[in-house]
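Engineer: Have a look at the structure that comes next, please.
The values are calculated or read from the model by the stated rules, or taken from the named source; none is laboratory data. This is a predicted model, so every value here is computed, not measured. Neighbour counts run over all protein chains shown; Cβ positions are idealised from the backbone, glycine included.
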Amino acid sequence: MKESYVDLINIRRQVFAKVAKMAYEGDDLTELEKASFEILPGEVATYRDSIFRERAIVDERLRLTLGLNARKPTEFNRITDGISLVDVNETRFIEPLINVITFACEACPTKAFIVTDNCRKCLAHPCTNVCPVNAVSIGKNRAIIDQDKCIKCGRCRDTCPYSAIVQYDRPCAAACGVNAIDSDYLGRAQINMDKCVSCGNCIVQCPYGAISDKSQIYQLIKALKGNDQIYAIIAPSFLGQFGPLASPVQIFEGIKQLGFEDVVEVSLGADITTMREAHEFLEKVPNEIPYMGTSCCNSWTIMVEKMFPDQYEYISDSASPMVETAKYIKKKNPNAKIAFIGPCISKKLEALRDDVKDYVHFVITFEELMGMFVAKGIELSEIEVSKVIQDASSLGRGYAIAGGVAEAVKRTALKIDPSREINVEGVSTLHECVKLMRTAKAGKKNGMLLEGMACSGGCIAGPGTLASLNRVRKAVASFQGQAECESPLDNKTIDEDIRNKYK
């Protein structure tokens, strides 16, 4: 959720904080029926047409935050129905991950081309001349587009000398690079889960906050109150997410105050992934596979698996930085449980995979973590701590920004084998990822290292982030500069046998 959607951020934060507070204080979940009245007191609506609708939407947010499904308007259910399923101290996933809150959806019109006041009714009227289906005509005051005839080709828009024709689309659908947003019988958005890759960009772009994912913060907090040793691993994009005054070390200490045993940079796992992928690329491309795609973005890999199944084998076999970091901790403490904190909701699905679930036990976003800080009254900028964080290399910390993964793998591969020539190409947004894979399938990317990121700009723009891209990009670059080593091959935090294996 981005800084410009302040009202939505505040509502979501209040919901996360309420659920987190109930978990920390051990409240009976039947009290949930009062929560929307506490979050939205009084009888005057602030955001919508009525306070009753506002509370109905908050009720659905509370259910999703607990991990339950949003309710259907056509069925009678209490807000607490099914609560026993999620009142546990372990991840309890109920499909689907992403839900449309039908009470909140405004049934925005779908894609259309519209004539604006810029139209001058010019003599040439090129818009009518280029339309292949005669959908454009000249009216009394401006050009008119017959939406029943229009085939959405955009030729009229492209040829207009006054830029008087604009393309409109519902924000959630425009953001979806895999065309997973459909409409129900009332025109409200619904998600085609056969196409969805859980990138969460629809959540970010909806200005009504009508789409949301499920959370695990309640179950995580219950686990933190138990006897398990739970470690937090935090993604490289955490820099700048919690205000300009909160330093990295203060964020780490604040997380420990929530009940975690310790905090480790996922950039450490990025270093291990970098070495593995560099070795894999040198070994397999082009003799065994024509090109290699990186493996760190789960939505990118799901997209390739769903849309380009014959190309999926060319995505790296290496585990993602999240998994490598968890394995690093489990090797040192086999009894540890791991909670990943990051910008991405797709990681919630990755953690459910059979080869991952024994290493990563919980996944929450930065936004959900902020709700936990609010619930505990933790002010990060006021924490006094002098510890220095040195888990990872500069290249590993750069994974947060688009292009950083491919750059790290390339530079590490060249250190291992300086004689190789390595060409890379990286894209961000699913729209661009799909285009990249189409050209790769056509054989136009052979010999290359390809990086795909589902979010524009990389992980710093994930759906679970809180800060602007520019702020986070600068903070990440600054933190990179503080690393004691540049290359993963020189990171002495990683066991020497692993580093020697890839040198």
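Engineer: Would you please name the residue that is surrounded by the fewest Cβ atoms within 10 Å (Cβ to Cβ), looking only at residues in the stretch 242-257 that are among the hydrophobic types (A, V, I, L, M, F, W, C) and in contact with a strand residue (DSSP E or B) (Cβ under 8 Å, 6 or more places away or on another chain)? Spell out how you get there, then give the answer.
Structural biologist: Here is the first cut: in the stretch 242-257, the ones among the hydrophobic types (A, V, I, L, M, F, W, C) are 242, 245-246, 249, 251-252, 255.
Adding the requirement that they be in contact with a strand residue (DSSP E or B) (Cβ under 8 Å, 6 or more places away or on another chain) leaves 251-252, 255.
Details: ILE251: 26, PHE252: 24, ILE255: 22.
Of everything passing the filter in the stretch 242-257, ILE255 is surrounded by the fewest Cβ atoms within 10 Å (Cβ to Cβ).
Engineer: Among the residues of the stretch 293-309, write down those that are hydroxyl-bearing (Ser, Thr, Tyr), under 13 Å from SER428 (Cα atoms) and outside any helix (DSSP H, G or I).
Structural biologist: THR294
Engineer: Shifting gears a bit: Within the stretch 435-451, can one find any residue that is under 30 Å from LEU245 (Cα atoms) and not small (Gly, Ala, Ser)?
Structural biologist: Within the stretch 435-451, none of the residues are under 30 Å from LEU245 (Cα atoms) and not small (Gly, Ala, Ser).
Engineer: So, PHE260, is that one among the hydrophobic types (A, V, I, L, M, F, W, C), modelled with pLDDT of 95 or more and within 20 Å of the chain's Cα centre (by Cα) or not?
Structural biologist: Working: among the hydrophobic types (A, V, I, L, M, F, W, C): yes; modelled with pLDDT of 95 or more: yes; within 20 Å of the chain's Cα centre (by Cα): no.
It is false that PHE260 is among the hydrophobic types (A, V, I, L, M, F, W, C), modelled with pLDDT of 95 or more and within 20 Å of the chain's Cα centre (by Cα).
Engineer: What do you reckon, is VAL363 of a type outside the set (Ser, Thr, Tyr), over 19 Å from GLY259 (Cβ atoms) and crowded, with 24+ Cβ neighbours inside 10 Å? Don't jump to the end; show me each part of the working.
Structural biologist: Values: of a type outside the set (Ser, Thr, Tyr): yes; over 19 Å from GLY259 (Cβ atoms): no; crowded, with 24+ Cβ neighbours inside 10 Å: yes.
It is false that VAL363 is of a type outside the set (Ser, Thr, Tyr), over 19 Å from GLY259 (Cβ atoms) and crowded, with 24+ Cβ neighbours inside 10 Å.
Engineer: State which residue is farthest from LYS21 (Cα to Cα) when the search covers only the stretch 258-297 and only residues that are surrounded by fewer than 23 Cβ atoms within 10 Å (Cβ to Cβ), of a type in the set (Asp, Glu) and out of contact with any strand residue (DSSP E or B) (no Cβ under 6 Å at 6 or more places or on another chain).
Structural biologist: GLU288
Engineer: If GLN167 satisfies every condition in (1) out of contact with any strand residue (DSSP E or B) (no Cβ under 7 Å at 6 or more places or on another chain); (2) modelled with pLDDT under 95 but one, which is the exception?
Structural biologist: With (1) out of contact with any strand residue (DSSP E or B) (no Cβ under 7 Å at 6 or more places or on another chain); (2) modelled with pLDDT under 95 applied to GLN167, the lone miss is (1).
Engineer: Looking only at the stretch 407-433, filter to residues that are of a type in the set (Asp, Glu) and under 31 Å from the mean Cα position of the chain (by Cα); which one of those is nearest to LYS445 (Cα to Cα)? Show your work before the answer.
Structural biologist: Restricting attention to the stretch 407-433, the residues satisfying the condition of being of a type in the set (Asp, Glu) are 407, 417, 421, 425, 432.
Filter once more, so that each one left must be under 31 Å from the mean Cα position of the chain (by Cα): 407, 425, 432.
Values: GLU407: 17, GLU425: 9, GLU432: 14 Å.
Restricting to residues being of a type in the set (Asp, Glu) and under 31 Å from the mean Cα position of the chain (by Cα), the top hit is GLU425.
Engineer: Starting from the stretch 250-266, take each residue that is within 17 Å of ALA336 (Cβ to Cβ) and list its partners that are at pLDDT below 95, counting only C-beta distances under 6 angstrom and pairs at least six apart or across chains.
Structural biologist: none
Engineer: Out of SER316, SER346, which single residue is crowded, with 17+ Cβ neighbours inside 10 Å, under 29 Å from TYR502 (Cα atoms) and outside the structural domain of ASN10 (by TED's automatic domain parsing)? Reasoning before the result, please.
Structural biologist: Working: SER346 fails: under 29 Å from TYR502 (Cα atoms).
After ruling out the rest, the residue left standing is SER316.
Engineer: Suppose the filter is crowded, with 21+ Cβ neighbours inside 10 Å, of a type in the set (D, E, K, R) and assigned by TED's automatic domain parsing to the domain that holds LYS327; does ASP310 pass it?
Structural biologist: Judged against the criteria, ASP310 is not a match.
Engineer: Among the listed residues VAL405, VAL476, VAL409, identify the single one that is within 19 Å of ILE289 (Cα to Cα), in contact with a strand residue (DSSP E or B) (Cβ under 7 Å, 6 or more places away or on another chain) and not aromatic (Phe, Trp, Tyr). Even if it seems obvious, please write down each step before you answer.
Structural biologist: Numbers: VAL405 fails: within 19 Å of ILE289 (Cα to Cα); VAL476 fails: within 19 Å of ILE289 (Cα to Cα).
So the residue among VAL405, VAL476, VAL409 that is within 19 Å of ILE289 (Cα to Cα), in contact with a strand residue (DSSP E or B) (Cβ under 7 Å, 6 or more places away or on another chain) and not aromatic (Phe, Trp, Tyr) is VAL409.
Engineer: Being farther than 30 Å from ARG142 by Cα and modelled with pLDDT under 95 is the requirement here; does ASP49 meet it? Outline the logic, then answer.
Structural biologist: Working: farther than 30 Å from ARG142 by Cα: yes; modelled with pLDDT under 95: yes.
Taking the combined requirement at face value, the residue satisfies it.
Engineer: Based on what the data block shows, is LEU430 crowded, with 21+ Cβ neighbours inside 10 Å, assigned by TED's automatic domain parsing to the domain that holds GLU368, on the phi < 0 side of the Ramachandran plot and among the hydrophobic types (A, V, I, L, M, F, W, C)? So that I can check it myself, show each step before the final result.
Structural biologist: Working: crowded, with 21+ Cβ neighbours inside 10 Å: yes; assigned by TED's automatic domain parsing to the domain that holds GLU368: yes; on the phi < 0 side of the Ramachandran plot: yes; among the hydrophobic types (A, V, I, L, M, F, W, C): yes.
So LEU430 passes the test.
Engineer: I'm told ARG276 meets every condition in (1) assigned by TED's automatic domain parsing to the domain that holds TYR399; (2) more than 25 Å from CYS296 (Cα to Cα) except one. Can you identify the failing condition by its number?
Structural biologist: Answer for ARG276: the failing condition is (2).
Engineer: So which pairs qualify, if the first residue must be in the stretch 121-133 and in the same structural domain as PRO161 (by TED's automatic domain parsing), the second must be part of a helix (DSSP H, G or I) and not polar (S, T, N, Q), the Cβ gap must be under 7 Å, and the two must be at least 6 apart or on different chains?
Structural biologist: Pairs that qualify, where the first residue is in the same structural domain as PRO161 (by TED's automatic domain parsing) and the partner is part of a helix (DSSP H, G or I) and not polar (S, T, N, Q), are CYS127/CYS156; VAL130/ARG155; VAL130/CYS156; CYS131/ARG155; CYS131/CYS156.
Engineer: Restricting attention to the stretch 381-388, does a residue exist that is closer than 30 Å to CYS172 by Cα, assigned to a loop (DSSP other than H, G, I, E, B) and of a type in the set (A, V, I, L, M, F, W, C)? So that I can check it myself, show each step before the final result.
Structural biologist: Residues of the stretch 381-388 closer than 30 Å to CYS172 by Cα: none.
The answer is no, given that none of the residues of the stretch 381-388 is closer than 30 Å to CYS172 by Cα, assigned to a loop (DSSP other than H, G, I, E, B) and of a type in the set (A, V, I, L, M, F, W, C).
Engineer: Name the pairs whose Cβ atoms lie under 8 Å apart, with the first residue in the stretch 438-462 and closer than 14 Å to GLU425 by Cα, the second surrounded by fewer than 18 Cβ atoms within 10 Å (Cβ to Cβ) and hydroxyl-bearing (Ser, Thr, Tyr), and 6 or more positions between them or separate chains?
Structural biologist: LYS445/THR439
Engineer: Tell me which of these LEU97 doesn't satisfy, since it passes every other one: (1) in contact (Cβ under 8 Å) with a residue 40 or more places away in the chain; (2) in contact with a helix residue (DSSP H, G or I) (Cβ under 8 Å, 6 or more places away or on another chain); (3) over 30 Å from LYS337 (Cα atoms).
Structural biologist: (3)
Engineer: Still on this structure, I have one more. Which ones in the stretch 432-461 are in a helix (DSSP H, G or I) and not hydrophobic (A, V, I, L, M, F, W, C)? Talk me through it step by step, then tell me what you get.
Structural biologist: Within the stretch 432-461, the first condition is being in a helix (DSSP H, G or I), and the residues that meet it are 432-441, 459-461.
Selection gives GLU432, LYS435, ARG438, THR439, LYS441.
Engineer: For a quick check of your reading of the model, give me the residue pairs whose first member lies in the stretch 300-321 and is without any contact (Cβ under 8 Å) to a residue 12 or more places away in the chain, whose second is among the charged types (D, E, K, R) and surrounded by fewer than 15 Cβ atoms within 10 Å (Cβ to Cβ), with beta-carbon atoms closer than 8 Å and at least 6 apart or on different chains.
Structural biologist: TYR312/GLU305
Engineer: On to the next question. Hey, does the stretch 407-417 have a residue that's out of contact with any helix residue (DSSP H, G or I) (no Cβ under 7 Å at 6 or more places or on another chain) and farther than 27 Å from ARG13 by Cβ? Give the derivation first.
Structural biologist: From the stretch 407-417, those out of contact with any helix residue (DSSP H, G or I) (no Cβ under 7 Å at 6 or more places or on another chain) are 410, 414; that's our starting set.
Retained after the next criterion (residues that are farther than 27 Å from ARG13 by Cβ): 410, 414.
Within the stretch 407-417, one or more residues are out of contact with any helix residue (DSSP H, G or I) (no Cβ under 7 Å at 6 or more places or on another chain) and farther than 27 Å from ARG13 by Cβ.
Engineer: Of the numbered conditions (1) touching a residue at least 60 places away in the same chain (Cβ under 8 Å); (2) crowded, with 21+ Cβ neighbours inside 10 Å, SER36 fails exactly one; give the number of that condition.
Structural biologist: (1)
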